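Enquirer: Shown below is the structure under consideration.
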Amino acid sequence: QLVASLCEHFHERVRKEQSVPDGAPYKLLPSDISEFCQVVLHGALQGLYSKSGVASLHSCSALKMLAFLDAQAVLPKLLDRAYQALTTVLEVHQTTAALEALAAIIYPVLRCENYTVGLSHLPQLMALTLSGVDTNDTRKTWATLRFFTVLLSGVPLIPITEDAPEGEDSERHEVARQVTDFFADWALRFLDQTFAF
């Protein structure tokens, strides 16, 4: 809880200081923010796979705040752990914790301008999480459905067919177009998995 509260208050301070002019003596520098994230990240990642559900949720909250503060430092390490947890057969509790973490950090993965490769992770994450709809594990199923709910509230399941609008990053738009081509197949696989439930 301490780590989650610390990250929340630090994030709030950074957000408030965005309107403060550069050079103010109390304004945090980008290096200060990055250093804070590096120090706290290890503790937040350790708590993610805690046997206590409350501790795991606090870690998810802390990781979300850290991802908004310094996506380049936080998201690669967290996504690596999530991929390992989603593909493991032996540590089932890690899968549930990874799904809860993904639900918490999916917006920073998709929206952070300073983490441009986030969108390219979407097809693999969506495919790996389909197995989370599991009749033998309702907690994992709920975590999976929560991840899908959060994800699909911000990403529509329709393909992008038009070219990039003028003034928009054409490379990022092309990645988004390729990702949305995957959605139709994923939706059918999701329905199959759900009806098998």
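The values are calculated or read from the model by the stated rules, or taken from the named source; none is laboratory data. From a predicted model like this one, the values you see are computed outputs, not experimental measurements. Here the Cβ is made from the backbone with ideal geometry for all residues, glycine too, and neighbour counts use every protein chain on show. Quick note on the areas: whole protein, heavy atoms, side chains included, nothing else; ligands and nucleic acids left out. Shrake-Rupley method; radii C 1.70, N 1.55, O 1.52, S 1.80 Å.
Enquirer: Of all residues in the stretch 1-27, which are open to solvent by 30 Å² or more (accessible area, probe 1.4 Å), farther than 16 Å from Ser59 by Cβ and either of a type in the set (Val, Ile, Thr) or not in a helix (DSSP H, G or I) (or both)? Before you say what the answer is, go through the steps one by one.
Expert: Taking the stretch 1-27 first, the residues open to solvent by 30 Å² or more (accessible area, probe 1.4 Å) are 1-3, 5-6, 8-13, 15-16, 18-19, 21-23, 25-27.
Adding the requirement that they be farther than 16 Å from Ser59 by Cβ leaves 9, 12-13, 15-16, 18-19, 21-23, 25-27.
Hits for the stretch 1-27 are Pro21, Asp22, Gly23, Pro25, Tyr26, Lys27.
Enquirer: Would the stretch 92-111 turn up any residue that is in contact (Cβ under 8 Å) with a residue 40 or more places away in the chain, closer than 25 Å to Glu171 by Cβ and either charged (D, E, K, R) or open to solvent by 30 Å² or more (accessible area, probe 1.4 Å) (or both)?
Expert: Looking through the stretch 92-111, at least one residue is in contact (Cβ under 8 Å) with a residue 40 or more places away in the chain, closer than 25 Å to Glu171 by Cβ and either charged (D, E, K, R) or open to solvent by 30 Å² or more (accessible area, probe 1.4 Å) (or both).
Enquirer: Now for a separate question. For the stretch 136-182, give me each residue that is open to solvent by less than 80 Å² (accessible area, probe 1.4 Å), closer than 30 Å to His93 by Cβ and outside any loop (DSSP other than H, G, I, E, B).
Expert: Those that are open to solvent by less than 80 Å² (accessible area, probe 1.4 Å), closer than 30 Å to His93 by Cβ and outside any loop (DSSP other than H, G, I, E, B): Lys140, Thr141, Ala143, Thr144, Leu145, Phe147, Phe148, Val150, Leu151, Leu152, Gly154, Val179.
Enquirer: Is it fair to say Ala55 is open to solvent by less than 40 Å² (accessible area, probe 1.4 Å), at pLDDT 90 or above, in a helix (DSSP H, G or I) and not aromatic (Phe, Trp, Tyr)?
Expert: The answer is no for Ala55.
Enquirer: A follow-up question, please. Which residues, counting only those in the stretch 120-135, are outside any helix (DSSP H, G or I) and either more than 16 Å from Leu191 (Cα to Cα) or open to solvent by less than 70 Å² (accessible area, probe 1.4 Å) (or both)?
Expert: Across the stretch 120-135, the qualifying residues are Val133, Asp134.
Enquirer: With respect to Leu66, determine if the residue is open to solvent by 40 Å² or more (accessible area, probe 1.4 Å), in a helix (DSSP H, G or I) and not aromatic (Phe, Trp, Tyr). Outline the logic, then answer.
Expert: Values: open to solvent by 40 Å² or more (accessible area, probe 1.4 Å): no; in a helix (DSSP H, G or I): yes; not aromatic (Phe, Trp, Tyr): yes.
Judged against the criteria, Leu66 is not a match.
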